[in-house]
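Data first, discussion second: the structure below is written as structure tokens.
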Amino acid sequence: MKIAVFTDTFLPQVNGVVTNVIDLIKELSKKNHQLLVFAPKPSKKISFILKGVKIDHIGGLPAVFYPEFYFTNPISFQILKTTEKFNPDIIHFHTPITIGFNAIITAKYLKKPLVSTFNTYFMEPEYLRVVGLDRFGLDKNRFINRFSWQFARFFYDQSDIIITPSQFTKDDLIKHGFIKPVIKISNGINLPKKLKKPIKNHFGQYFLYVGRLSKEKNISLLITSFKKFSLFDQKTKLLIIGEGPEKNDLKKLVINFHLNNRVLFLGSITHDTLMESNYYSNALAFISASTSETQGLSILEACSFKLPIIAVKARAVTELFNNNGILCQPNNIGELADALSVCYYPCFQRRKIY
């Protein structure tokens, strides 16, 4: 089968959407499907070679609010021409931005089946803060929220089938009036049978966060909770793996809290390296304060390593819990700090929660 994939986020970016797209491409390639992938032209060279997969990079301009994202021409005749020549059986888009819009135009023109994957609650306050609307007090504006949901409905209802990674997200889209069929397909994880790149643990005991360093992830609240926990313990560290636009602000917060030697920013680590190392398995627990997850890929990965999870009761995250960690109320610094303390005690045994 021939599949044309449209995505506004791709390598060298490292985030949940990119990981999901890459994993899907790899699995389809293994099954001898032919794929044509449209993605933004990267700022640096990438090496991505798979049998039957061609990457067509589209030039664009970086978004002011999030330099990792690129706005491309929303109506590209070059994309249309290339796709027509490829003659796909199915067109699949993963993002509701300009390349995603090209998927809609192309599918309508070529009369091809169109599949979409809903990965991000870009309509909600968490993501409206990312584009800077919180500076004007508009991140929780009801009109903007309703308009954003209307845009999401219009965009995704152009497809024939909408895929979501969790039951919560599926129910939420239906509740908000999405018309086209919505199906749940959980994000998959391929774990190596044996760790190939184990790290020497120079960190001692540590809690772990993996993900984008962006406002929607509530990492400043996570760090504040760790500061409160630090009144109880002076040695345990917090490791933060990932990159994003909020990194400098978060580093300043850590300095203000005098936690320079306790909160460590390890930067971006490729997904394969992360999964083949023991960053997850060495941790005391995985911690997330995010309220914006459609499923939570890094949380799912931590679960697969049988790592205790500390997270908040918000959206699809609750589906990943079955006595395998501690769920806290959203935006509650005290509860998160208390959960860290519980996971710190030597008597806390993972076998009790898995």
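The values are calculated or read from the model by the stated rules, or taken from the named source; none is laboratory data. None of the values given here were measured: they were computed from a predicted structure. Here the Cβ positions follow ideal geometry from the backbone for every residue, glycine too, while neighbour counts run over all protein chains shown.
Out of 309, 299, I need the residue that is in contact with a Cys (Cβ under 8 Å, 6 or more places away or on another chain) and at pLDDT 90 or above. Which one? Write out each step before concluding.
Numbers: 299 fails: in contact with a Cys (Cβ under 8 Å, 6 or more places away or on another chain).
Criteria check complete, one pass: 309.
Is at least one residue of region 165-182 at positive phi and assigned by TED's automatic domain parsing to the domain that holds residue 300?
Initial filter on region 165-182 (at positive phi): 177.
Applying the additional criterion that residues be assigned by TED's automatic domain parsing to the domain that holds residue 300 yields none.
Looking through region 165-182, none of the residues is at positive phi and assigned by TED's automatic domain parsing to the domain that holds residue 300.
Does region 220-244 hold any residues that are assigned to a helix (DSSP H, G or I) and closer than 16 Å to residue 208 by Cα, and which are they?
Filtering region 220-244 down to residues assigned to a helix (DSSP H, G or I) leaves 220-230.
Once the filter is applied, which keeps residues that are assigned to a helix (DSSP H, G or I) and closer than 16 Å to residue 208 by Cα, region 220-244 yields 220, 221, 222, 223, 224, 225, 226, 227, 229, 230.
Look at region 275-289 and say how many of its residues are crowded, with 20+ Cβ neighbours inside 10 Å and within 23 Å of residue 190 (Cβ to Cβ). Steps first, please.
In the first step, residues of region 275-289 are kept if they are crowded, with 20+ Cβ neighbours inside 10 Å; the result is 275, 279-280, 283-289.
Now restrict to residues that are within 23 Å of residue 190 (Cβ to Cβ): 275, 279-280, 283, 286, 288.
The number of residues fulfilling the criteria is 6.
All but one of (1) crowded, with 19+ Cβ neighbours inside 10 Å; (2) over 22 Å from the mean Cα position of the chain (by Cα); (3) under 23 Å from residue 292 (Cβ atoms) hold for residue 236, so report the exception by its number.
Just one mismatch for residue 236, condition (3).
From the list 186, 159, which one is assigned to a loop (DSSP other than H, G, I, E, B), at pLDDT below 95 and hydroxyl-bearing (Ser, Thr, Tyr)? Even if it seems obvious, please write down each step before you answer.
Values: 159 fails: at pLDDT below 95.
186 is the lone residue from the list that is assigned to a loop (DSSP other than H, G, I, E, B), at pLDDT below 95 and hydroxyl-bearing (Ser, Thr, Tyr).
From the list 332, 322, pick out the single residue that is in the same structural domain as residue 283 (by TED's automatic domain parsing) and modelled with pLDDT of 95 or more. Full working, then the answer.
On the way: 322 fails: modelled with pLDDT of 95 or more.
After applying the criteria, what remains is 332.
Does residue 99 satisfy the criteria of being farther than 30 Å from residue 291 by Cα, surrounded by 19 or more Cβ atoms within 10 Å (Cβ to Cβ) and either acidic (Asp, Glu) or in contact with a Ser or Thr (Cβ under 7 Å, 6 or more places away or on another chain) (or both)? Break it down into steps so the answer makes sense when it comes.
Numbers: farther than 30 Å from residue 291 by Cα: no; surrounded by 19 or more Cβ atoms within 10 Å (Cβ to Cβ): yes; either acidic (Asp, Glu) or in contact with a Ser or Thr (Cβ under 7 Å, 6 or more places away or on another chain) (or both): yes.
The answer is no for residue 99.
Among the candidates 103, 107, single out the residue that is more than 30 Å from residue 247 (Cβ to Cβ), aliphatic (A, V, I, L, M) and touching a residue at least 60 places away in the same chain (Cβ under 8 Å).
Numbers: 107 fails: touching a residue at least 60 places away in the same chain (Cβ under 8 Å).
103 is the lone residue from the list that is more than 30 Å from residue 247 (Cβ to Cβ), aliphatic (A, V, I, L, M) and touching a residue at least 60 places away in the same chain (Cβ under 8 Å).
For region 162-183, which residues satisfy the criterion of being surrounded by 14 or more Cβ atoms within 10 Å (Cβ to Cβ) and either of a type in the set (Phe, Trp, Tyr) or in a strand (DSSP E or B) (or both)? Steps first, answer last, please.
At the first step, the residues of region 162-183 found to be surrounded by 14 or more Cβ atoms within 10 Å (Cβ to Cβ) are 162-166, 168-174, 178, 180, 182.
Selection gives 162, 163, 164, 168, 178, 182.
So is residue 101 at pLDDT 95 or above and out of contact with any Pro (no Cβ under 7 Å at 6 or more places or on another chain) or not?
On the way: at pLDDT 95 or above: yes; out of contact with any Pro (no Cβ under 7 Å at 6 or more places or on another chain): no.
Judged against the criteria, residue 101 is not a match.
What's the total number of residues in region 13-41 that are exposed (fewer than 15 other Cβ atoms within 10 Å of the Cβ), assigned to a loop (DSSP other than H, G, I, E, B) and on the phi < 0 side of the Ramachandran plot?
Matching residues across region 13-41 total 2.
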